[in-house]
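Enquirer: Would you mind keeping the following structure in view while I ask a few things?
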Amino acid sequence: MIDLHTHILSDTDDGSGSFEESVALLYEAKKAGFSGVVCTPHYMQQFYERDVNYINNKIQELSLDSKRIGIHLYQGNEIYISNEVCKFIENNKVTTINNSRYVLLELALEEKPIKNTIEIIEDIIKKEYIPIIAYPERYPYIQKNIEYAKELLRKGALFQANYASIDGYYGSQVKKTLIKLLKGKMIQLLGTDVHKKRTMYINMPKYIKALSKYLSEDEIHELSYKNPIKVIHDEKITVDTDKL
Ligand SMILES: [Fe+2]
């Protein structure tokens, strides 16, 4: 499997608290069955502003251990939605996933989306990037209105769900929404969104078992490996929006 969404780098955001914890996370990822991990530190103006070079250095620091453990590290960001996403990419403040067209985007975790969310998504797509919306199941406005999720997919966005959502880690409403999205074939990618050791990776067998109630083995393979590989290699992921 390839983990598309992680906070395993220390001194970068609210993720790993130390170099040692980062190494422990790599061991946990390997044991859970991952061979690749995309480092996606938060980028949110005024809160998390580590730039691309800083993140690259943090990945280099971990590279000896990641090679020894057998985890390939890729660079990315989880970018908080704003009018300036494309400008941040162009100015080397943030990076797409492994320099592909794919951009991991975090929407507002509030009752309502920020006003021009759809326009921002359209603008990102117009500039030839492909937005991947992180954890759609966690946003109240998607929980209450699945049509909003469909609209985002029709615009050309993709969805990355968090593994732990299926286990009720973020509450029953999140779990219920994920089940709805899975049944509607609206999830293209899975990631752990891991921040700390002994949280997500050690529970992966439980999450996979819970997901297998709603997805076939082939579908789990597609969402956890085949589609993440397409992202890393900058290959197209097609969504049949006519069936939504
Ligand atoms: Fe995250």
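The values are calculated or read from the model by the stated rules, or taken from the named source; none is laboratory data. Keep in mind that what you see is a predicted model, and the values were worked out from it rather than measured. Cβ sites come from the backbone with ideal geometry, for glycine too, and all protein chains shown count toward neighbours. Remember, those area values only see protein heavy atoms, side chains included, never the ligands or the DNA or RNA. Shrake-Rupley method; radii C 1.70, N 1.55, O 1.52, S 1.80 Å.
Enquirer: State all residues of the range 97-133 that are among the charged types (D, E, K, R) and closer than 25 Å to Leu178 by Cα; if no residue qualifies, say none.
Expert: Selection gives Glu106, Glu110, Glu111, Lys112, Lys115, Glu119, Glu122.
Enquirer: Which ones in the range 7-48 are more than 15 Å from the ligand (Cβ to nearest atom), over 17 Å from Lys197 (Cβ atoms) and surrounded by 15 or more Cβ atoms within 10 Å (Cβ to Cβ)?
Expert: Gly36
Enquirer: If Ile179 satisfies all but one of (1) open to solvent by less than 40 Å² (accessible area, probe 1.4 Å); (2) closer than 28 Å to Ala29 by Cβ; (3) touching a residue at least 60 places away in the same chain (Cβ under 8 Å), what's the number of the condition it fails?
Expert: (3)
Enquirer: Let me ask something additional. Out of the range 136-156, which residues are without any contact (Cβ under 8 Å) to a residue 60 or more places away in the chain and of a type outside the set (D, E, K, R)?
Expert: Pro136, Tyr139, Pro140, Tyr141, Ile142, Gln143, Asn145, Ile146, Tyr148, Ala149, Leu152, Gly156
Enquirer: Of the numbered conditions (1) assigned to a helix (DSSP H, G or I); (2) touching a residue at least 12 places away in the same chain (Cβ under 8 Å), Glu119 satisfies every one except a single condition; which is it?
Expert: If we test Glu119 against (1) assigned to a helix (DSSP H, G or I); (2) touching a residue at least 12 places away in the same chain (Cβ under 8 Å), just (2) comes out false.
This table checks each residue for (1) in a loop (DSSP other than H, G, I, E, B); (2) more than 16 Å from the ligand (Cβ to nearest atom); (3) over 23 Å from Val38 (Cα atoms).
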residue: Gln160; (1), (2), (3): no, no, no
residue: Tyr170; (1), (2), (3): yes, no, no
residue: Leu181; (1), (2), (3): no, yes, yes
residue: Tyr214; (1), (2), (3): yes, yes, yes
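Enquirer: Sort out which residues of the range 122-135 are within 16 Å of the ligand (Cβ to nearest atom) and either without any contact (Cβ under 8 Å) to a residue 40 or more places away in the chain or open to solvent by 40 Å² or more (accessible area, probe 1.4 Å) (or both), and write them in order of number.
Expert: Of everything in the range 122-135, those that are within 16 Å of the ligand (Cβ to nearest atom) and either without any contact (Cβ under 8 Å) to a residue 40 or more places away in the chain or open to solvent by 40 Å² or more (accessible area, probe 1.4 Å) (or both) turn out to be Pro131, Ile133.
Enquirer: Given the criteria surrounded by 19 or more Cβ atoms within 10 Å (Cβ to Cβ) and touching a strand residue (DSSP E or B) at 6+ places or on another chain (Cβ under 7 Å), does Thr117 qualify?
Expert: Judged against the criteria, Thr117 is not a match.
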